[in-house]
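Working notes, structure below.
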Amino acid sequence: MSKLCVIGTGYVGLVTGTCFADLGNQVTCMDIDENRISLLNQGVMPIYEPGLEQLVVQNVKAGRLFFTTDYAAALKDVDFAFIAVGTPSGDEGEADLQYVRQAAEAIADLVNKPVVVVNKSTVPVGTGDWVADIIRKRRNGRPLEFSVASNPEFLREGSAINDFMMPDRVVLGSEDRKAAEAVAELYAALRCQILITDLRTAEMIKYASNAFLATKISFINEIANICEELGADVRQVAAGMGLDKRIGPAFLDAGLGWGGSCFPKDVKALAHMAVLHGSQPQLLQAVMDINRMQRRRLVMKLRKALGNLDEKTIGILGISFKPNTDDLRDAPAIEVIHLLQLEGAKIQAYDPQGMENAAKILKNVKLCQNPYQVAEGADALVLATEWNEFKQLDFARIRDLMARPIIMDGRNLWDPQHLRELGFHYTGVGRP
Ligand code: UGA
């Protein structure tokens, strides 16, 4: 059993801390947000993530998982100090490292026994060295035996616990092989592939992985747009491509593009790093441009179907950036709603888990209780997020509720033939 502190109880920190506790370690999750910690201490999750609440409660009860706002208590006698704080986008697309700095300074001030500082936050290449430098300077001659390791995370929201417990790989980077191996021990029970590299390479693997996945999605979206012109079906194109083992079927779903707290921020940050060091990230630029256009294309399709959007009522199904999360950060739906509102459309929307967050950030949107309320009086219905709950709707009822039977399926969730038989004008993405 090791003693761990995880600084930051956002998505990554909370899931990582809880899962390490579940593997038998003693874990204290620390956050400066008092409200968040107070909720966690009452067993209330600050985010919606399937299975998380149960795992937190279980491990708190077992005496392995603690939450605190007190750095000193969290860092007392730890073997590993994980940094899992946010790295939001700065003005130029660069990652903002102020919270990483605060965490590094707290470690320097409060730890007095050998420790491995493990960076889980997504940080620019070179940040591990920077963190080591901050700690060294801050100690100002007071000795501390420490190493810095990078342990990028590859969790997906909505399946984060599974992704932690059954990872494709764990990547660890450090200039101190022994430190990396000590972190590897924490993952030993998972019996997964562990790759040990130097610090900068591990940091780069994270950015390159996210950028590649975003590229795959933008690629299939570009193909979808060409399919629309040429009368091919992108879903079958993706299936045909995906059977090639070198390509693989994952992340080839055409739609409204990628959103969330990771891809947009990370692709931008990688492009920014490239420019800063004299490269021209042309592919990354195109990947971002295609993604931005994908939402605009949906608005253009609506404009074409309705003549103009002024005073038209548009129903939006799904607001979260993808299913099984209440996270609305950079959600395609949010951008689509703003674009439609700019053209005078009236919006009514529903999301199975995102309504509380939607109420905080959406203005002049009628927030509905269910998909049928969204359909009521709508001139068009847009599917923005492919929640399971939307797969089997009573479409005859929806047709009767709508002012006009127009459907824009932004995630290719529904069967066009069935909907057309019911009298809908159906438009998907990249489907003839
Ligand atoms: C992503 C990565 O998949 C994780 O490996 C990584 O750890 C995480 O970012 C992170 O850096 O923290 P996540 O943002 O939770 O995870 O969500 P994804 O499942 O990757 O989906 C991202 C976006 O791409 C969503 O908006 C989704 O709707 C979209 N997407 C995904 C598509 O449009 N098509 C696809 O085929 C797949």
Filtering segment 235-248 for residues that are within 27 Å of residue 317 (Cβ to Cβ) and more than 9 Å from the ligand (Cβ to nearest atom) leaves a count of 5
Within segment 1-11, residues at pLDDT 95 or above and either at negative phi or over 23 Å from the mean Cα position of the chain (by Cα) (or both) come out as 2, 3, 4, 5, 6, 7, 9
Selection from segment 165-215 of residues aromatic (Phe, Trp, Tyr), without any contact (Cβ under 8 Å) to a residue 60 or more places away in the chain and surrounded by 14 or more Cβ atoms within 10 Å (Cβ to Cβ) yields 187
Practice prompt. Could you tell me whether any residue of segment 174-194 is in contact with a Lys or Arg (Cβ under 7 Å, 6 or more places away or on another chain) and over 19 Å from residue 80 (Cβ atoms)?
Written response: yes
Considering only strands (runs of 3 or more DSSP E) wholly within segment 80-192, the ones with at least 2 residues that are farther than 30 Å from residue 264 by Cβ, at pLDDT 95 or above and over 28 Å from the mean Cα position of the chain (by Cα) are 146-150
If you go through 356, 335, the only one that is in a helix (DSSP H, G or I), among the charged types (D, E, K, R) and under 21 Å from residue 300 (Cα atoms) is 335
Looking at the structure I just gave you, is residue 381 of a type in the set (A, V, I, L, M), part of a loop (DSSP other than H, G, I, E, B) and either more than 21 Å from the chain's Cα centre (by Cα) or within 13 Å of residue 317 (Cβ to Cβ) (or both)? no
Restricted to segment 256-267 and to residues being touching a helix residue (DSSP H, G or I) at 6+ places or on another chain (Cβ under 7 Å) and modelled with pLDDT of 95 or more, the residue farthest from the ligand (Cβ to nearest atom) is 267
Taking segment 245-295 and keeping only residues that are of a type in the set (D, E, K, R) and more than 29 Å from residue 427 (Cβ to Cβ), one is left with 245, 246, 265, 266, 268
Of the listed residues (278, 248, 255), the one being part of a loop (DSSP other than H, G, I, E, B) and crowded, with 22+ Cβ neighbours inside 10 Å is 255
Of the residues in segment 323-341, those that are within 12 Å of the ligand (Cβ to nearest atom) and either touching an Asp or Glu at 6+ places or on another chain (Cβ under 7 Å) or not charged (D, E, K, R) (or both) come to 323, 324, 325, 327, 328, 331, 332, 333, 334
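The values are calculated or read from the model by the stated rules, or taken from the named source; none is laboratory data. Computed from a prediction, not measured in an experiment: that's the story for all the values here. Cβ: placed from backbone, ideal geometry, glycine included. Neighbour counts: every protein chain shown.
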